[in-house]
Amino acid sequence: MVDCCNNVTNGGTISEDQAICDVQIDPDSLFNITAPSGGTGALMYQWYFSTTGSPYTMSNPDWTLIPGAEDSGYNQC
């Protein structure tokens with residue numbers, strides 16, 4: 001049986017947005033500042049990226065899931 005997280009009522013807060021204009025720069029790591037809350041079970045993380053800067057919604061096609069990015073923090077390198 002898989003113990004999945006459900007009904008998270010607050011997604012928490014991650015570290016600040018970053019705008020990267022040079023592909024040679026390694027951006028700072030992203031991490032939880034305030035942990036998600038509500039619901040039951042183990043939390044599951046998914047990180048997304050956008051090159052447009054548009055606000056995130058699940059239905060916004062400008063945001064793409066980062067494969068394998070499933071930890072509470074993220075660094076591309």
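The values are calculated or read from the model by the stated rules, or taken from the named source; none is laboratory data. Treat the numbers as computed from the prediction; the structure is a model and nothing was measured. Please note: Cβ atoms are built from the backbone with ideal geometry, for glycine as well, and neighbour counts cover all protein chains shown. Note: areas computed on protein heavy atoms with side chains; ligands, DNA, RNA excluded. Shrake-Rupley method; radii C 1.70, N 1.55, O 1.52, S 1.80 Å.
In the stretch 34-50, how many residues are closer than 10 Å to ALA69 by Cα and part of a strand (DSSP E or B)? Even if it seems obvious, please write down each step before you answer.
As a first pass, look at the stretch 34-50 and keep what is closer than 10 Å to ALA69 by Cα: 45-48.
Now drop any that are not part of a strand (DSSP E or B), which leaves 48.
Of the residues in that region, 1 qualify.
Name every residue in the stretch 34-57 that is open to solvent by 70 Å² or more (accessible area, probe 1.4 Å) and within 12 Å of the chain's Cα centre (by Cα), in order of residue number.
Scanning the stretch 34-57 gives MET44, GLN46, TYR48, PHE49, TYR56.
Consider the stretch 2-13. How many of its residues are modelled with pLDDT of 80 or more, in a strand (DSSP E or B) and closer than 13 Å to LEU43 by Cβ?
Qualifying residue count, the stretch 2-13: 1.
So the check is Cβ under 7 Å with 6+ separation or different chains; which pairs have a first residue in the stretch 36-48 that's touching a residue at least 40 places away in the same chain (Cβ under 8 Å) and a second one that's open to solvent by less than 50 Å² (accessible area, probe 1.4 Å) and part of a loop (DSSP other than H, G, I, E, B)?
MET44/CYS5
What are the residues in the stretch 51-77 that are of a type outside the set (Val, Ile, Thr) and in a strand (DSSP E or B), if any?
TRP63, LEU65, TYR74
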